[in-house]
Amino acid sequence: MGTAADDRPAATAEILRLFRDRGHSQYGRELVSQLEHALQAAWSAERAKAGAALIVAALLHDVGHLLHTLSEDAPEHGVDDQHETRAAFWLEQWFGPQVVEPVRLHVAAKRYLCTTDPDYLRQLSPPSILSLALQGGQMSVDESSAFRSNPFSHAAVALRRWDDTAKVPKLATPPLEHFATYLDKAWEVGNREDRQ
Ligand code: FE
């Protein structure tokens, strides 16, 4: 077993490798690849001057889709791949809650916004509307207030809005390597917090 310090390059290398191996798969029924979607979301976070952890969360929010072999049309067959839970479980091995929790909550944030923001539901893409039903649909009053009281709900809502706009075919973005430095930084922050 290595020390935590030994894991840092391994974490960055493993994430970059995963995107290189599987990032060219289609993002569900959207007109962008998983990698394009991740880069567009991360780039929005960077332009909004988010911190390193939230930029990394934006980059990795859908990494759960790359961790299974279910087909991209699974929602059309009534299957929720629970990608947010898969991603959070996988990311916890390297990152602290500032990265992990917005990722875990990004589907709940969609349900929350559908419940509280009438304009939000109207601008969702058709595949996103389809998966909404599988993900639990709109929230009850109790679910909404539980979501609001989560300390990471604001970060999750911000991430969700970047997620929803990160579906532009052929949009030029910085490359994956550009965001690798944020992976290192977010790893350091997470491990500092863990030691407190
Ligand atoms: Fe997404």
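The table that follows gives values for the structure above.
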quantity: Cα centroid separation - segment 14-91 against segment 101-160, whole Å; calculated: 17 Å
quantity: Peptide ranges 164-171, 183-190, 53-60 listed from the most packed, as the mean C-beta count within 10 angstrom indicates; calculated: 53-60, 183-190, 164-171
quantity: Rg followed by Dmax, in Å, when the chain is reduced to its Cα trace; calculated: 16.1, 50
quantity: Sparse-neighbourhood loop sites, trypsin sites (Lys or Arg not before Pro) in segment 111-166 - DSSP loop, at most 15 other Cβ within 10 angstrom; calculated: none
quantity: Burial ordering of Glu46, Glu177, fewest other beta-carbon atoms within 10 Å first; calculated: Glu177, Glu46
quantity: Folded to 0 to 90 degrees: helix 153-165 orientation relative to the chain principal axis, Cα; calculated: 80 degrees
quantity: Förster-model FRET efficiency, 22 Å R0, Ser25 and Arg86, C-beta, rounded to 0.05; calculated: 0.90
quantity: Global form of segment 96-196, assessed from the alpha-carbon gyration tensor, a/c cut-off 1.5; calculated: oblate
quantity: Cut-off under 5 Å, modelled amide H: who pairs with Ser33 long-range; calculated: Tyr27
quantity: Percent RCO, i.e. relative contact order, over the chain, from Cα pairs under 8 Å lying at least 6 residues apart; calculated: 32 percent
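A short reminder: the numbers here are calculations on the coordinates, not readings from a lab. Everything numeric here is computed off the predicted structure, so don't read it as measured data. Cβ atoms come from the backbone with ideal geometry, glycine included; neighbour counts cover every protein chain shown.
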